[in-house]
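Asker: If you scroll down you'll find the structure; I have some questions about it.
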Amino acid sequence: MTISREIDPAAKADIEKFERMLELYLNGELEEDRFRIFRLNNGIYGQRQGGHNQMVRVKIPYGRLQPEQLEMLAYIAETYSRGWAHITTRQNIQLHFVQLENIPQVMRDLNSVGLTTREACGDTVRNITGCHLAGACPYEVLDISPWAEATFRHLLRNPYSQRLPRKFKINFSGCATDCGQAMFNDVGVIAVMRPREDGTVEPGFRVFFAGGLGANPHAAQALEEFTPREQLLPTIEAALRTFDHYGNRDNKLRARMKWLLDTMGVDELRERILKERKLLLAATTWAEGIPETVQQEGDGPAGVSTAVDPT
Ligand code: HEM
Ligand code: SF4
């Protein structure tokens with residue numbers, strides 16, 4: 001398949017590291033445990049069938065796929081997997097029975113069209129999901145796509161995303177209908193409006209935290225009434241940092257943020273996240289204002305045309 005884009009230098013470095021680690025592992029010079037964690041953090045799972053069979057999880061941030069990316073996924077499925085793939089609830093694509101030796105080439109192919117497996121598994125920030133009609137939904141308050149993209153770019157390879165107490169899931173919904181299901185994510189972001197004094201309305205967000213499913217499900221809690229657009233990224237990072245600082249590293253089964261809420265209490269956890277955000281905003285390194293991706297792509301809602309009758 002022809003490579004359509006220059007591979008991002010950071011992705012190139014990741015793939016080269018994967019090749020070095022793989023070689024050490026195959027030569028018996030790298031412990032199974034270390035290679036396993038490294039491999040998982042790169043989105044590559046071992047399969048129960050054993051041997052060198054791997055499941056490759058490809059992140060599709062907020063579920064948006066370009067035609068060339070879909071074609072590349074089909075090519076990889078036919079060349080390295082079984083000719084088909086799974087689409088998952090959290091907007092990943094999973095390919096099974098890929099041989100370990102072929103993983104670096106699969107990563108190159110994926111990255112050549114701007115896709116990654118990095119941090120798709122392990123105790124990292126997982127794929128950033130979004131409601132399915134983002135950018136085309138008549139009900140959306142704003143288009144969450146550039147916000148999810150900005151969050152994805154900000155957190156991928158971020159030092160805080162590497163060795164968390166447990167995985168961390170973030171979701172976006174364009175309106176309170178919440179098709180993206182903020183309520184069972186570690187951070188769930190819902191676009192909302194608040195009235196301004198002059199009678200107009202300001203679009204922004206309502207951020208929820210510490211939701212989760214599993215055998216002990218928790219509905220996420222609201223962090224504050226309204227989060228202005230300029231404060232969204234620092235709010236998400238503050239929640240992530242707070243989880244990293246105080247999360248349970250002794251028992252993986254009690255490590256998700258929902259358990260931190262249980263042990264710390266909702267009020268204290270909320271207070272710590274807000275305090276973290278305040279100090280984060282005071283850091284010299286923090287980029288102020290609206291993220292570049294949002295400025296470039298715009299986040300205006302799709303709206304409803306009065307000139308067209310829906311068919
Ligand atoms: C009819 C039964 C069930 C259904 C329909 C169901 C459905 C789901 C769904 C949709 C998710 C979200 C997946 C995602 O992250 O994309 C999930 C996550 C999960 N489920 Fe279930 N589930 C069921 C039963 C169970 C049971 C019985 C257990 C454990 C005893 C369980 C453990 C988990 C765990 C650990 C997660 C991940 C939690 C998280 O990421 O917050 N599930 N389930
Ligand atoms: S959450 Fe709202 S904006 Fe997003 S798809 Fe559902 S109805 Fe549309």
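Bear in mind that the values in this text are calculations on the coordinates, not laboratory data. The shown structure was predicted, so the numbers you read here are calculated from the model rather than taken from an experiment. Neighbour counts run over all protein chains shown; Cβ positions are idealised from the backbone, glycine included.
Asker: Give me the tail of P(r) for the chain as a percent: Cα-Cα pairs with distance above 38 Å.
Answerer: 16
Asker: With θ set to phi - 60°, apply the Karplus curve 6.51 cos²θ - 1.76 cosθ + 1.60 along the stretch 262-267 and write out the HN-Hα couplings as whole Hz, x wherever there is a Gly or Pro.
Answerer: Result, ordered by residue: 5, 7, 8, x, 5, 5 Hz.
Asker: Right, here's the next one. Whole angstrom only: what separates the Cα centroid of the stretch 119-152 from the Cα centroid of the stretch 273-294?
Answerer: The stretch 119-152 and the stretch 273-294 have Cα centres spaced 20 Å from each other.
Asker: When the helix-only estimate is applied to the chain (DSSP H runs of n ≥ 4, each -39,500 (n - 2.57), divided by the residue count), what is the mean residue ellipticity at 222 nm, nearest 500 deg cm²/dmol?
Answerer: My calculation for the chain gives -11000 deg cm²/dmol from helical runs alone.
Asker: Scan around V98 for amide H atoms under 5 Å from its own, H built in the peptide plane at 1.01 Å from N, and keep only partners 5 or more places away or cross-chain.
Answerer: Those lying under 5 Å, H to H, from V98 are Q54, V56.
Asker: Give the peptides 159-169, 142-152 in descending order of average Cβ contacts within 10 Å, highest first.
Answerer: 142-152, 159-169
Asker: Which stretch or stretches of the stretch 48-73 have amide N atoms under 20 Å from the point lying 7 Å from R5's Cα along the Cα→Cβ direction?
Answerer: Correct set: 57-73.
Asker: How large is ³J(HN,Hα), in whole Hz, for each residue of the stretch 126-138 in order, when computed from phi with the Karplus curve 6.51 cos²θ - 1.76 cosθ + 1.60 and θ = phi - 60°, using x for Gly and Pro?
Answerer: After applying 6.51 cos²θ - 1.76 cosθ + 1.60, I find 6, 3, 7, 9, x, 5, 5, 9, 3, x, 9, 8, x Hz.
Asker: Go through the stretch 1-42 and name the trypsin sites (Lys or Arg not before Pro) that are in a DSSP coil and have 12 or fewer other Cβ atoms within 10 Å of their Cβ.
Answerer: Passing both the DSSP loop test and the Cβ count: R5.
Asker: If you don't mind, another one. In the stretch 205-292, what trypsin sites (Lys or Arg not before Pro) fall in a loop by DSSP, with at most 10 other Cβ atoms inside 10 Å?
Answerer: none
Asker: A follow-up question, please. For the stretch 282-297, just list the computed ³J(HN,Hα) in residue order, Karplus coefficients 6.51, -1.76 and 1.60, θ = phi - 60°, integers in Hz, with x standing in for Gly and Pro.
Answerer: Couplings: 7, 6, 4, 6, 6, 6, 7, x, 7, x, 3, 4, 5, 4, 6, 7 Hz.
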